[in-house]
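Heads up: the structure comes next, in structure tokens.
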Ligand SMILES: Cc1ncc(COP(=O)(O)O)c(C=O)c1O
């Protein structure tokens, strides 16, 4: 039985064309430390994003930049506001900085409650994380919602727009739903997080970055792990940036598969929130763990959040079909059989 991981929001395609070869070329140099400033990658990002090199801070994944943020911005007892449920690193990096988490519940449709988050800001608040699209539930905030939120937040609070899944919002012409980097322009208390781990297919390389005002970016770089981003990782990220056509093609594939599996899950009667990412959320409540266990027995790992729901990565169609077939057994009673979940499900689950 083949095994599939739909548990960590990776893409199933591997690195972009030519990237693995470039990594292989760097392997003989592994006795050397990498360029600590990641100069070439910083330049490549600065050109692609149209921001200054002094507005960037890199890390071993954007989770490392999350940690730079709380270390740089927070003193013991300060507050960090974020939606909940959201990315699980936020409470961890908050605690590591001896700060206090202020978790603002998501709306019933699994979206950020930005007015409530603005209201949760106090004079102890140093950082607000806005995760868009939200991991694990999927919805993105709109540009209008974000701009309205920014109006309400004091200038001395750092608002972090976490766009780990940004590329999945690009349409066929490469136009994003929301461009956090554009929103940072002229707003020195707003920054963006992005990563090479998701659409670029480099989760194993550990490269992410923040785009911030020069003052904030300099403070973040001071909190970075020295020599953190390895030589092969820097080379892989640079090579990946040159593959925008291929990136868009894979994003289109993920979006098409996402539409298929989400429609199938909804047709079974599940209240699946919108997703602008490469995963979707099924609110299975107390069945979440049992469902994940059953998926595992059929060779597919998904991510259960006990008593809440299950996050399922959009991956190989075969794996998606297996999950849908198992999901059928958990369909809300009111929906009955719920109709077809599509594709080759029946054949895929033995
Ligand atoms: C919302 C969000 N932000 C940041 C990250 C961090 O990713 P990485 O450290 O691989 O760049 C993830 C990873 O799952 C995520 O879901």
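Run down 16, 71, 27, 43 and say which single residue is part of a loop (DSSP other than H, G, I, E, B) and away from the ligand (no atom under 14 Å from the Cβ).
Numbers: 71 fails: part of a loop (DSSP other than H, G, I, E, B); 27 fails: part of a loop (DSSP other than H, G, I, E, B); 43 fails: part of a loop (DSSP other than H, G, I, E, B).
Residue meeting the stated conditions: 16.
On the basis of being buried (at least 18 other Cβ atoms within 10 Å of the Cβ), under 30 Å from residue 22 (Cβ atoms), at pLDDT 95 or above and not assigned by TED's automatic domain parsing to the domain that holds residue 173, does residue 311 make the cut? Give the derivation first.
On the way: buried (at least 18 other Cβ atoms within 10 Å of the Cβ): yes; under 30 Å from residue 22 (Cβ atoms): no; at pLDDT 95 or above: yes; not assigned by TED's automatic domain parsing to the domain that holds residue 173: yes.
When the stated conditions are applied, residue 311 does not pass them.
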The lone exception for residue 257 - which of (1) assigned to a helix (DSSP H, G or I); (2) under 22 Å from the mean Cα position of the chain (by Cα); (3) in contact (Cβ under 8 Å) with a residue 24 or more places away in the chain; (4) crowded, with 20+ Cβ neighbours inside 10 Å it fails: (4)
Flag if residue 287 is outside the structural domain of residue 168 (by TED's automatic domain parsing) and either without any contact (Cβ under 8 Å) to a residue 60 or more places away in the chain or farther than 30 Å from residue 174 by Cα (or both): yes
Neighbours by Cβ (under 8 Å, 6+ apart or cross-chain): first from the range 158-174, farther than 18 Å from residue 195 by Cβ; second within 11 Å of the ligand (Cβ to nearest atom) and modelled with pLDDT of 95 or more: 159/130
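Inside the range 107-133, can you point out the residues that are free of Cβ contacts under 8 Å to residues at least 60 places away in the same chain and within 16 Å of the ligand (Cβ to nearest atom)?
Applying the first criterion (free of Cβ contacts under 8 Å to residues at least 60 places away in the same chain) to the range 107-133 yields 107-108, 112-128, 130-131.
112, 117, 127, 128, 130, 131, listed by residue number.
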Those strands (runs of 3 or more DSSP E) lying entirely in the range 157-213 with at least 1 residues away from the ligand (no atom under 15 Å from the Cβ): 158-162, 190-195
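The values are calculated or read from the model by the stated rules, or taken from the named source; none is laboratory data. This structure is a prediction, so every number in the text was calculated from the model and none was measured. Quick reminder, even Gly has a Cβ in these numbers, built from the backbone with ideal geometry, and neighbours come from all protein chains shown.
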